[in-house]
Amino acid sequence: MAAFLLGAACGGFADDDDTTAGTGPDDPSGDPCAAFTDCVECGDAGLECAWCAGTCRSRPDGVSISDDSWCEWGFAEGGTACKDIDGIRIVESTLPIDCRSSMNEEDPRCRVPDDDNAAELGEGPAFPGGFGGLFGGYLDVAGNRIILGAMTNRPGDELGSIWTADLATGDRALVSGATEDAIVGWIERGAGPGFGTRVFDVDLAPDGAWIAYADAGLFRVDPDTGDRTQLWSYESTPCVHVGIVFAPNSIDGSSVAVDPDGTMYIASGEDENVDPPPDSGVFAIKPDGSCRMLTMSSSETERVVGKGPLVGGDYRGLVLQGDKLLALGMPGDIHEIDLTTGDRRLVTSETRNVGEGPPADYQYLAVSSTGTLLASGDSVDSFEDATRAMTEIDPSSGDRKLRWAYRGPATSSPQMTWIAPHPDLPGIYIAIEEGESLVLYEPASGNTNLLSH
């Protein structure tokens, strides 16, 4: 129930296209309460909204109860008349099936994914599971598919790979690298140097090739054959700044962003030989393998690159937006970095009082079609059972709002990581759940559907 409590405390938006807390008494429906989804916000606006009464008095199976503990999301079976759950207004879901209802919990699209139901949704070998899993990638809109980096963990060996998943069917395919499937056995695709242990992220090059960021460096991958060419590694072409050699950070949320001229951006790792605190920044690597520091934070003034607030730890979750690079910093900051000067601007930061709302330790970042930012990470609210959540961020004000997956396959132990807006379904996001599955996630309703596992 921690998700319900946190959701009630932090509120929600009227719909996914509206990135304000509510429009208040000027709502075009004529009912000022229709502009809100949170009873707390109704009260702050001086309204007494009828749907805040919590009117659920029976379970969907008809069993009578005396409290709201069995409230279901908008289902009238057995006389249920829920209007809200823990102060959050029930919003109709647009996903194919409503996994918020316990009546659908046995549907494959609503089942919590685990190794026992691997490869149940979608055709093809199962995504790597166990101690392996999925990392980051990008949406191939024209191909109606998602491209993902992964790692297969087997005794004595860890294997980086690239996979595709069809957005309509959930069908999976290994495109480059190697894996071992429980049914098919050993599978290997593409020729060329190996990725190493993991492929952290994949992005699209200007000529249509894939750029993979892996343990062994940056690779160019042929989407048709899976063949690999290594473009850069920190061992062969180190990125040196004032005599110090930097390496990729290789942490959760590590990513690569490729701009229209083919320049690749990845975050630098900590320099273990620096005391006081280590340096952190972003590399800019050209297609020919040459490397420079785009931006750098350091306790030593002569090593700082770019103006603006320093980052408190390694960058991750890099996303290009025009001539700026958005980067997640620790703890829970988002920086906007100028691609020419390396100057930094804080977009949001709870610790530095930029924007209002709950803090979180972000790992992944996405930009919606409206420009709103959606970051995933561990909620660090004061609740004892804090868990993984999505935070919606207004890029202008820096204000933050938590978005929870209330019901469905992403709620047993919510660990949604990499996220991207669905290209055809407004208000819907594609997310990696627990590193092993793809889910469809609707922040406005809290509903999730399993897409591929």
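Nothing in this text is a laboratory measurement; each read-out follows from the coordinates by a stated rule. All values derive from a computational prediction rather than experimental measurement. Note: ideal-geometry Cβ built from the backbone for every residue, glycine included; neighbour counts use all protein chains shown.
Odds and ends about this structure:
- Likely footprinting exposure, His453, His335, His241, fewest C-beta neighbours within 10 Å first: His241, His335, His453
- Contour excess over end-to-end distance, with Cα ends at Asp224 and Ala34 and 0.36 nm allotted per residue: 63.4 nm
- Taking 7 Å steps out from each Cα toward its Cβ at Ala45 and Glu92 produces label points 2.0 nm apart.
- Our summary of shape: the Cα atoms of the stretch 95-215 have principal axis extents of 49, 37, 21 Å, ordered from largest down, in whole angstrom.
- Computing FRET efficiency as 1/(1 + (r/R0)^6) for Lys307 and Val141, where r is the C-beta to C-beta distance and R0 is 35 Å, gives about 0.45.
- Packing-based exposure ordering (other Cβ within 10 Å, fewest first) of Ile244, Ile146: Ile244, Ile146
- The stretch 133-226: GluC sites (Glu not before Pro) falling in loop per DSSP and having at most 12 other Cβ within 10 Å: none
- Distance (nanometres) between label positions extended 7 Å along Cα→Cβ at Trp186 and Ser397: 5.8 nm
- Ranked Asp171, Asp314, criterion: other C-beta atoms within 10 Å, fewest first: Asp171, Asp314
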